[in-house]
Amino acid sequence: MVADDEPLIRQGLRATIGWSALGFHICGEAGSGEETLEKINSLQLDLVVLDIRMPRMYGTELMKLARQGGYEGYFIILSGYSDFQYAQDALRFGALTTRSLGCPLIFIRS
């Protein structure tokens, strides 16, 4: 699943990454934290590609609630922000690694 409040980002993530070659099928999209959490709770997802800052709910809060609700899949966190607090919060919820690449990726273990 791809979750970002920017429709062009969601479209770009779907189009530029060879998901099927990696063994994934995009089964949905979400444009807000609440919508993402609803879909996590209703679909059996292995992976959520998640914007760290979406309206009404940050990605780290969404991760916390999803884990509390029993979600055991993976998160990939996307961020264009350089605030290390986001990385620290993600680490608290099980991040394996963080990378600073212009658009950092934070991989969250299941």
Checked region 26-82 for anything more than 15 Å from Val2 (Cβ to Cβ), more than 10 Å from the chain's Cα centre (by Cα) and among the polar types (S, T, N, Q); matches are Asn41, Ser42, Gln44, Gln68, Ser82
In region 11-51, residues that are touching a residue at least 40 places away in the same chain (Cβ under 8 Å) and in contact with a helix residue (DSSP H, G or I) (Cβ under 7 Å, 6 or more places away or on another chain) total 4
Among residues of region 1-60 being over 14 Å from Gly73 (Cα atoms), of a type in the set (A, V, I, L, M) and part of a helix (DSSP H, G or I), the residue modelled with the lowest pLDDT is Leu22
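The values are calculated or read from the model by the stated rules, or taken from the named source; none is laboratory data. Source: prediction; values computed, not measured. For neighbour counting, all protein chains shown are included, and Cβ atoms are generated from backbone atoms with ideal geometry for every residue, glycine included.
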